[in-house]
Every structure is written in structure tokens, then in C-alpha cells.
Amino acid sequence: MSLMKEILSFNGDFVKQGEYKEFVTDKYPEKHLAIVSCMDARMLDLLPRALGLKNGDAKLIKNAGALVTHPWGSVMRSILVAIYEMKVKEIMVIGHHDCGMQRLHGPDLLDQMRAHGIKDENISMLENAGIDLNTWLTGFAHVEDAIRHSVNIIRKHPLLPADIKVHGLVIHPTTGKLTTIVNGDEISS
Ligand SMILES: [Zn+2]
């Protein structure tokens, strides 16, 4: 059975048997919290469980590396929507040890793309158009630095209200243990 069929079949039963009822909540996060975290599959359930969060408690924004790379990118826009439309008061950037974005190397990724049939001419066309693919496809060396950088982009954003707390943490992808990198409770804005 294809994955698509498998999931649709499960979903049919899930809805029919009313299994969704335990998840019913509204769109405003109960803890007034938005989290930026990594898409790593190990944290699908682990992250909310390790933080004691249940359905409806928080907004969860995910990408590769838990990165806020640009003040005008979609992650920052999601954070602003969460604040202004969903009554969010605190932001947590939660990166993790052993992240795929750690030591991600642009040239290696470009080689992988070539191996999957992406033509050199496409790559050089983009580079000629001024897109720095190597930088765009390169991750970070230290997760703590990446978290501090993302926290700073959020904190210094000109559209961020002064009363919003921004925290930075690292989660262990096996044990779920959190380590604080930036404690927004201790920073006066
Ligand atoms: Zn990751």
C-alpha cells in the first residue's frame, strides 16, 4: 500500500470513530506561546511532551534548523501573525543537538542535486542571477550560536512589541532535556 493510501485509510477511521474529540480546542494558544523548532522527525512527539504541552497550548513553527534567517521571511511573518492575531506573548526558539543543519555544506548539497538530475546549467543560471546558493544551502557550525542569532533577529525586529518575551533553548533529541541559551525573563526590553 502506498503511504498516501495508508494515511487516507487511517484518517477515514480516525474521523469516523471520533478520535479527534480529545484534540478539540480553539485557535488561540492557551499558553500564549509560539515555538520555532526544527523539522527533525525525532521531535514530532518528543518536543511537546518534553515541554508538557498539549494540543491547543502553543503555535509551532518548524523548519530545517529552527532558524529565523531573515527579518522579512515567512518564519518572522508567522511570529508576527501569532502575536497580533493569536494573542501570543512569548516566543521560544528551540534548536537541538545533532541537527541536520549543523555542518550542512552548500557544495555537497549541490553535488547531491546534480546526482538527482539537476543540471549544471540550472545551477549556474541561478548563480549568474545573483543567488548565492552555497551560502543559502549552508547550515551552522554551533547550534547555540544559531539560536542566539535567531533570537536576536526576532528581538530586534521593528514590528515586535516591547512586551514580548523571546527565549532560546536547545533540546536533546533523545532525552528531551532542555538547556537555556537565552532567558527572555531576564532581559528587559
Ligand atoms: Zn534539526
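Just so you know, all these numbers are worked out from the coordinates, no wet-lab data involved. Keep in mind the model is a prediction, meaning the values are calculated, not measured. Glycine also receives a Cβ, built like all others from the backbone with ideal geometry; neighbour counts cover every protein chain displayed.
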What residues have an amide H closer than 5 Å to that of H167, excluding those fewer than 5 places away on the same chain, when H is modeled at 1.01 Å from N in the peptide plane?
-> I91, M92, V93, G184
Tell me, in nm to one decimal, what length is gained between Y84 and N11 on full extension, where the rule is 0.36 nm per residue of separation less the Cα-Cα distance?
-> 23.0 nm
Segment 86-98 - phi-based ³J(HN,Hα) in whole Hz, Karplus 6.51/-1.76/1.60, Gly and Pro as x = 10, 6, 6, 10, 9, 10, 10, 9, 10, x, 8, 5, 6
Could you state the number of Å between the C-alpha centres of segment 43-97 and segment 166-188?
-> 13 Å
Residues with amide H under 5 Å of L60's amide H, sequence separation 5 or more or different chain, H placed in the peptide plane at 1.01 Å from N; which?
-> I35
Sorted on mean Cβ neighbours within 10 Å (highest first), peptides 41-48, 106-113, 64-71, 161-168 come out as 64-71, 161-168, 41-48, 106-113
What ³J(HN,Hα) values, in whole Hz, does the Karplus curve 6.51 cos²θ - 1.76 cosθ + 1.60 give for segment 135-143 when θ = phi - 60°, with x put for Gly and Pro?
-> 5, 4, 9, 9, x, 10, 7, 10, 4
Could you tell me the number of lysine pairs in segment 1-113 with C-alpha atoms less than 23 Å from each other, where the two lysines are 8 or more residues apart or belong to different chains?
-> 23
Taking amide H positions as placed in the peptide plane 1.01 Å from N, state which residues far from H96 in sequence (5 or more) or on other chains have amide H under 5 Å from it.
-> I171
